[in-house]
Each structure stands twice: as structure tokens, then as C-alpha cells.
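The values are calculated or read from the model by the stated rules, or taken from the named source; none is laboratory data. Computed from a predicted model, the values in this text were never measured in an experiment. Here the Cβ positions follow ideal geometry from the backbone for every residue, glycine too, while neighbour counts run over all protein chains shown. Quick note on the areas: whole protein, heavy atoms, side chains included, nothing else; ligands and nucleic acids left out. Shrake-Rupley method; radii C 1.70, N 1.55, O 1.52, S 1.80 Å.
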Amino acid sequence: MADDNRVFVNVGAKGAGVVAFDAKTGKELWKATDDRSSYATPTVAALGGKKRLLFLTREGLLVLDPQDGSIVHRQDFRARNPQSVNAATPLVSGNEVFLSASYNTGGLLLNADGWKDVWHNDESLSNHYNTSVKVGEHLYGVHGRQEYGCELRCVDWKTGKVVWQKAGFGCSWLIAAD
């Protein structure tokens, strides 16, 4: 992921879980953590009025200061199966962050003011490989593992309540347009 002439990579190495590089020269700017890599794309967002870098590593949510790599917050969030890898990108709306993963992990909505759970369960939305989208006050995403049959769902952002569900779409990705 690139931002402000820097490239941020979830390398996943000891002492270099996350590394920032100068986009023009490739020079290492900083490295942080021992977190193992995941499939999730990092994102940059304003939380609490400050620019933050969010990674969903194999261990969980990692929120960093993009300037120096210092850890702002760490949240354990991963499946109990040690072979599984988090894949869905953290979704930020306002001062809230939504995480989701399969393998009996489910969805978690966090309020970044004190990093408190708003809701957390495995019944609402359990993204296997894809990232949900938020439109208005609803999340739209594919619930379940791709190899066992999954379904498209609409979930209330604030409560995690399933508004509707529809089988037959398979493991698919969503975008919101207009």
C-alpha cells in the first residue's frame, strides 16, 4: 500500500513484521513488530483526528503511526486454526473499525475511542477471503467459507444484526457504486 511517497508492506519477518519504504528510492524508512504476514491489504485512515496505518496481520489488528511505525493499538483477532490467514481488509467508518475473518472468528466492530467492542460474533458476517463494503448504515458481504457454501448478507453496522441473506452467489467480491 502506498501513501505520502511511502510504501507499507506486511513483510511478516522477525523484527520486520511491517516495513515502510521510500517509494522513490526503495530505502527502508522504519520497521516494526514481529507480526506474521496475512492476505489483507493495509489501509490508511483518520482515527481520533490522526492519520493511522491499519494492518490486519496474521495475529490481528495492528494500528501504527505511519510516520515512525510506533504502535498505537494492537487487537488480537485471528482464527484458532494456526494455518489460517486473515484476508479481509480492515474497514474504517468514522472512528469505528470493522474486522472479519472465517474459521470461527466472525465479525468485530471496534470503536477507536478506547478501542471498545461495539459488537463481536460469528453469526453476523464471517468473511473468508473478501472485504465487506459499507453503504449507509449497512455492511454487505459474503458470509462463510467458500468451499462450504456461503451467502450474501446485509448486516446492520451498529448492531451486527443480519437484515437479509441470500444464498447462491458463491464466494464473490463486492464494490459499491453510486
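Taking only protein heavy atoms and a 1.4 Å probe, the accessible area of the stretch 37-80 is 43% carbon and sulfur. Protein-only accessible surface at a 1.4 angstrom probe places the residues ILE71, ILE175 in the order ILE175, ILE71, largest first. In this structure the chain gives 49 Å² per residue of accessible area when probed at 1.4 Å with all protein chains present. When the Cα positions of TRP119, ALA101, THR57 are compared along the charge dipole of the stretch 28-141, THR57 comes out farthest toward the positive end, with charges on each C-beta of Lys, Arg, Asp and Glu.
Solvent-accessible area of PHE169, all protein chains in place: 110 Å² (probe radius 1.4 Å, heavy atoms, ligands and nucleic acids excluded).
In the stretch 95-139, inverting the average of 1/r over every pair of distinct C-alpha atoms gives 10.9 Å as the Kirkwood radius.
Charged neighbours of MET1, selected by a Cβ distance under 14 Å, balance to +1 (K, R count +1; D, E count -1). Ligands, DNA and RNA aside, TRP30 has an accessible area near 20 Å² when probed at 1.4 Å.
Taking every protein chain into account, the 1.4 Å probe leaves ARG36 with about 100 Å² of accessible area, to the nearest ten. With a cut-off of 12 Å between beta carbons, the residues surrounding ALA79 carry a summed charge of +1, where Lys and Arg count +1 and Asp and Glu -1. The listed residues GLU123, GLU96, GLU59, GLU137 rank as GLU123, GLU137, GLU59, GLU96 when sorted by accessible area, largest first, using a 1.4 Å probe. Summing +1 for each Lys or Arg and -1 for each Asp or Glu among the other residues whose beta-carbon sits under 10 angstrom from that of ALA16 gives -1. Taken about its Cα centre, the chain carries a charge dipole of about 200 debye when Lys and Arg each add +1 at the Cβ and Asp and Glu each add -1 at the Cβ. Rounded, prolate or oblate: which fits the stretch 72-178 when a ≥ b ≥ c are the square roots of the eigenvalues of the alpha-carbon gyration tensor, with rounded for a/c under 1.5 and prolate only if a/b beats b/c? In terms of gyration-tensor shape, oblate. Under 20 Å of direct C-alpha separation, and excluding same-chain neighbours fewer than eight residues apart, LYS50 reaches these aspartates and glutamates: ASP3, ASP4, ASP65, ASP68, GLU96, ASP113. Computed over protein heavy atoms with a 1.4 angstrom probe, the accessible surface ordering of CYS171, CYS150, largest first, is CYS171, CYS150.
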